[in-house]
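Shown next, in structure tokens, is the structure this report addresses.
Each value in this text was obtained by applying a stated rule to the coordinates, not by laboratory testing. Since we're looking at a predicted model, the values are computed, not measured. Here the Cβ is made from the backbone with ideal geometry for all residues, glycine too, and neighbour counts use every protein chain on show.
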Amino acid sequence: MHVHGSNDTIVSTTLREQRIWEPYETRLFLKILKPGGVVVDVGANLGYFSVLAAALVGESGRVMAFEPDPANFRLLQENIALNEYGDRVTTLQAGLAEEPGAGHLYLSEDNLGDHRIFRGEGARQTCDIQLLNGSEVLRGQLPRIDLLKVDTQGSEYSVIAGLLPLLLEMPGKPQVLVELTPFALRQAGSSGRALIALLERLEQPFWIVDHIEHQLVASNASALARWCDNVDACSPDEGFMNILVGEGL
């Protein structure tokens with residue numbers, strides 16, 4: 001894969017040194033996805049998970065990858081082309097949101113996977129981006145979604161709110177892998193509790209992605225909402241976890 005230079009101290013540095021990013025999430029992709037699968041990757045960054053998904057779903061599968069940052073999007077396209085997956089991956093230079101329109105991306109200088117579509121704290125350079133409503137963009141484009149990955153540094157509520165009408169229409173619910181960061185969600189104008197309530201409408205089980213023990217830990221909406229409240233009560237606690245919403249493995 002092509003990666004960023006030394007100015008990206010997180011994802012690209014890890015890939016150069018370890019040749020893998022988020023090992024347990026990588027393993028979940030390997031377990032969940034089969035040939036012919038359909039994946040939506042929101043916040044694709046340089047395309048690590050999009051390329052992995054494309055390899056797993058094969059020629060008969062589909063991957064839709066959304067990335068609003070111009071530099072990240074160029075790397076995403078390069079990595080799709082490098083692996084010759086252009087026949088199964090569609091890339092869109094845009095972010096997803098509840099309300100479509102013009103937006104701003106607030107750029108991190110040293111973590112190029114930490115760009116955000118809200119101002120937050122501290123001074124950041126910005127660039128103009130396009131925001132799309134996921135249901136409007138994807139309706140009629142995909143027969144189903146087997147795996148939805150959302151990692152958007154605090155704007156996950158808006159992403160899911162835009163996608164929820166489509167997800168509720170589909171005959172089968174997807175597995176949803178999403179980052180839960182109460183501090184960033186609050187900065188974006190939402191909350192962890194609100195995101196959990198939104199995901200609860202999918203009527204699927206909740207699992208905590210345990211990075212230490214490399215396992216899924218059963219949870220529920222009530223417990224996760226309380227955890228979000230506790231993190232919010234310890235401001236500026238920036239604790240986070242990844243959760244899986246779906247039938248598990």
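Ranking request for peptides 109-116, 35-42, 61-68: highest mean number of other beta-carbon atoms within 10 Å first, then the rest in descending order.
The packing order, highest mean first, is 61-68, 35-42, 109-116.
Distance from the Cα centre of the range 58-134 to that of the range 143-204, in angstrom?
What the calculation gives is 17 Å, centre to centre.
Using the Karplus curve 6.51 cos²θ - 1.76 cosθ + 1.60 with θ = phi - 60°, work out ³J(HN,Hα) for each residue of the range 218-225 in order, rounded to whole Hz, and write x for Gly and Pro.
Couplings: 4, 9, 8, 4, 5, 5, 5, 5 Hz.
Relative contact order of the chain: what whole-number percent is it, with Cα pairs under 8 angstrom and at least 6 residues apart?
16 percent
Would you mind telling me which residue in LEU148, LEU166, LEU82 has the biggest mean-square fluctuation in a Gaussian network model of the chain, where springs connect alpha carbons within a distance under 10 angstrom?
Of the options given, LEU82 has the highest mean-square fluctuation.
If you take every DSSP beta bridge whose two residues both sit in the range 59-190, what share of them, in percent to the nearest 5, is antiparallel?
DSSP beta bridges in the range 59-190 are roughly 40 percent antiparallel.
Given q = 0.12 Å⁻¹, what are the Debye log10 I(q)/I(0) values for the range 75-231, with equal point scatterers placed on the Cα positions and solvent ignored?
For the range 75-231, the Cα-only Debye profile gives -0.59.
How much length would be gained if the chain were fully extended between ILE10 and ALA197, taking 0.36 nm per residue of separation minus their Cα-Cα distance, in nm to one decimal?
Contour length minus the Cα-Cα distance gives 64.3 nm.
Viscosity 0.890 mPa s, temperature 25 °C: give me the Stokes-Einstein translational D for the range 181-220 in µm²/s, with Rh taken as the Kirkwood radius over C-alpha pairs.
215 µm²/s
Could you give me D for the range 139-213, from Stokes-Einstein at 10 °C and 1.306 mPa s, where the hydrodynamic radius is the Kirkwood radius over C-alpha pairs? Units µm² s⁻¹, please.
121 µm²/s
Charges at C-beta only: +1 for Lys and Arg, -1 for Asp and Glu. How large is the resulting dipole of the chain about its Cα centre, in Debye rounded to 20?
For this selection, approximately 460 debye.
Would you list the P(r) distribution for the range 1-124, with all Cα-Cα distances sorted into 5 Å bins from 0 and each bin expressed as a whole %?
Values per bin, smallest distances first: 2, 11, 20, 22, 20, 14, 8, 2, 0, 0.
Each residue of the range 20-26 in order: what ³J(HN,Hα) in whole Hz does its phi give by Karplus 6.51 cos²θ - 1.76 cosθ + 1.60, θ = phi - 60°, with x for Gly and Pro?
Couplings: 7, 10, 6, x, 6, 4, 4 Hz.
Rounded to the nearest 5, what % of DSSP beta bridges with both residues in the chain are antiparallel?
DSSP beta bridges in the chain are roughly 50 percent antiparallel.
Which of LEU131, VAL63, TYR48 sits closest to the plus end of the dipole of the chain, meaning its Cα is farthest towards the positive end, when Lys and Arg get +1 and Asp and Glu get -1 on the C-beta?
Working it through, the farthest residue towards the positive pole turns out to be VAL63.
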